[in-house]
Amino acid sequence: MKKFSCILLICIGTLGVYGAKSKSNSKGSDSPLVIGPIISVSGTNTVTILHGGEFERKLNLSKDTEIVFVGMPATSRSLKVGYGAKASIKNGTVRSLKLTLPVKDSASLGPDRTKLSIAQVLAKADGNADGGLDYVEMSRWIYHSPKHGPDTFLKTDKNKDGLVGPKELPKLLAGVSWWKYSRKSSGEWFRAADANGDGVLDLKEFTSIAAGKNHAENVFKRTDKNKDGSLDGKEVEKYVDQLIGSAH
């Protein structure tokens, strides 16, 4: 039986449900990044992942593959069908495999979630009342992303206790759109971006407050409803409202 080089890190939940229909931004049957649920396990070193809900990718693990169990108790640290997986591949070699427990469903903290304090968010999302959010709790209530969730959890869980606790939760929430953009009014976001004070935002100014910098240009075009090449206060207000009202 081959032994794997494993980093047994316990982290907060994905940020995600790895369902059969989950889509990945890294598409294609030869993508260097494979994201999806494990649909079969053969022996101790072969797993098949349904990448992006479209392609079956059979991966052969080696003794050099870094296996990271994200937010899992010791009893769950094994290769199992149904686990979420994120594999990094280079030159045909599986360099790392991050595994997460499945998240059966997502849930909302309620219509007044933006008014909750950090302590109240923690209390509502901490289903087992252990004082912190594990990966599944994080994914269900706070942030769901099969692609970015595992890494976000690992980076947030600074003390590596497998939970996002009261001191770590503020950093996690600061990167979640519905929380971040509710900390200020849309007018405050607009004024912070309007560098030249002309009452509208050009693409550069909008990018400074956009939720995703890499996609800012496309979002700018969609937000510019009157197609005049700039965003006024009402257009920015609708953009901010959409971010706050998003599921996660």
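The values are calculated or read from the model by the stated rules, or taken from the named source; none is laboratory data. Everything numeric here is computed off the predicted structure, so don't read it as measured data. Here Cβ is always computed from backbone atoms with ideal geometry, including for glycine, and neighbour counts include all displayed protein chains.
What the table shows:
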read-out	value
Selection count, the range 190-248, where residues are in contact with a strand residue (DSSP E or B) (Cβ under 8 Å, 6 or more places away or on another chain), of a type in the set (S, T, N, Q) and in a helix (DSSP H, G or I)	1
Positions within the range 44-56 being buried (at least 21 other Cβ atoms within 10 Å of the Cβ) and either of a type in the set (Lys, Arg) or in a loop (DSSP other than H, G, I, E, B) (or both), in sequence order	Gly52
Residue in the range 166-183 that is farther than 29 Å from Pro111 by Cβ and assigned by TED's automatic domain parsing to the domain that holds Ala107 present	no
Any helices (runs of 4 or more DSSP H) falling wholly within the range 79-157 and containing at least 3 residues that are touching a residue at least 12 places away in the same chain (Cβ under 8 Å) and surrounded by 24 or more Cβ atoms within 10 Å (Cβ to Cβ)	135-141, 149-156
